[in-house]
């Protein structure tokens, strides 16, 4: 028999749902543990709606068939009402969770990652390491995404990776596995966020330079201290955006997904159209650059460094796992968010990369 999970966090809601105005519509239980629940709000008019198993007695709870009996302080036996289901909660009940996780690839930063690290791929290995290396990295990321999606379906909780680690490592190693995974994850999030925002600050520096006449035309070249100030302001703005309520976060997510997709589409069409010279297919897929101006002669090492561009551009697909518990149909939408994100990011990123290299 599987071990029974600790249901203490759910017991109050399961036994007296009207106390919190919540009715459980669906519980997903695996191996004796409650993993997720779909809930609806019950109208807060001071009375509970009548259910099919009992009569409405003016707002008080009527005994329902099959309800467990228990004794009160005076020793008298009384029935404990069963929780009404979501269908019994009334036609006026509305979904508790208004945010639905959509399979987006905003968090993968394809356009940003390729654009900011393109010079690295071009220097270390050149076109071949970028175009063919992207496919290799995409295949490996796909394997990781499929594994994560399967685990996410079994444990669709907001804890994400560190909760999975605790469950999969077993009772003895759960604290260490969860601690290590959690710290690796948060440090990676810090590094990714800071690098992205710093790249944006450098992009602002270049935009200002070009907009004021360019480097040879007397344009304004912001100093490193000005760039750091811009970088700090961007961090603050992004922190404030991430502190907004979930409905605004959903809107920003959809806007970002559209902006990312539209940006890639426009650049893929625009860049080759305005380019005066175009590289051949042979150059794009076979030319391997070993002249990196750093003195490195080992081709394997050059290729490994060049692959960093592809790996940096397709990251963050665990974001779906962190947001799963805030979504509808968590055991489906979370895994599908992971899989479709990696698939779409890999396809659109490769197309964008080939368009840049060909121009």
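The values are calculated or read from the model by the stated rules, or taken from the named source; none is laboratory data. Small disclaimer: the values here were computed from a predicted structure and weren't measured. Heads up, the Cβs are rebuilt from the backbone with ideal geometry, glycines too, and the neighbour counts pull from every protein chain shown.
Residues checked against (1) closer than 29 Å to residue 323 by Cα; (2) surrounded by 12 or more Cβ atoms within 10 Å (Cβ to Cβ); (3) assigned by TED's automatic domain parsing to the domain that holds residue 317:
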{"residue": "172", "(1), (2), (3)": "yes, no, yes"}
{"residue": "228", "(1), (2), (3)": "no, yes, no"}
{"residue": "235", "(1), (2), (3)": "yes, yes, no"}
{"residue": "254", "(1), (2), (3)": "yes, yes, yes"}
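Any idea which residue in segment 290-310 is nearest to residue 345 (Cα to Cα), counting only those that are touching a helix residue (DSSP H, G or I) at 6+ places or on another chain (Cβ under 8 Å) and at pLDDT 90 or above? Restricting to residues being touching a helix residue (DSSP H, G or I) at 6+ places or on another chain (Cβ under 8 Å) and at pLDDT 90 or above, the top hit is 310.
Give the residues of segment 307-334 that are surrounded by 24 or more Cβ atoms within 10 Å (Cβ to Cβ) and either part of a helix (DSSP H, G or I) or outside the structural domain of residue 154 (by TED's automatic domain parsing) (or both), sorted by residue number. Within segment 307-334, 309, 310, 313, 320, 321, 324, 330, 334 meet the criteria. Annotation: residue 166 fulfils all but one of (1) within 21 Å of the chain's Cα centre (by Cα); (2) modelled with pLDDT of 90 or more; (3) surrounded by fewer than 16 Cβ atoms within 10 Å (Cβ to Cβ); the unmet one is (3).
In segment 286-306, how many are in a helix (DSSP H, G or I), surrounded by 14 or more Cβ atoms within 10 Å (Cβ to Cβ) and in contact (Cβ under 8 Å) with a residue 24 or more places away in the chain?
Of the residues in segment 286-306, 4 are in a helix (DSSP H, G or I), surrounded by 14 or more Cβ atoms within 10 Å (Cβ to Cβ) and in contact (Cβ under 8 Å) with a residue 24 or more places away in the chain.
Residues in segment 186-193 include none that are touching a residue at least 12 places away in the same chain (Cβ under 8 Å), farther than 18 Å from residue 115 by Cβ, assigned by TED's automatic domain parsing to the domain that holds residue 117 and surrounded by 15 or more Cβ atoms within 10 Å (Cβ to Cβ).
Would you check which residues across segment 110-129 are within 25 Å of residue 319 (Cβ to Cβ) and touching a helix residue (DSSP H, G or I) at 6+ places or on another chain (Cβ under 6 Å) and list them? 110, 111, 113, 114, 116, 117, 120, 121 - these are the residues of segment 110-129 that are within 25 Å of residue 319 (Cβ to Cβ) and touching a helix residue (DSSP H, G or I) at 6+ places or on another chain (Cβ under 6 Å). Among the residues of segment 252-276, just one is without any contact (Cβ under 8 Å) to a residue 40 or more places away in the chain and part of a loop (DSSP other than H, G, I, E, B), namely 276. Taking the stated definitions as given, is residue 355 more than 15 Å from residue 250 (Cβ to Cβ), touching a residue at least 12 places away in the same chain (Cβ under 8 Å) and in contact with a helix residue (DSSP H, G or I) (Cβ under 6 Å, 6 or more places away or on another chain)? Here the answer is yes, as residue 355 does meet what is asked.
Of all residues in segment 208-225, none satisfies being under 22 Å from residue 313 (Cα atoms) and in a helix (DSSP H, G or I).
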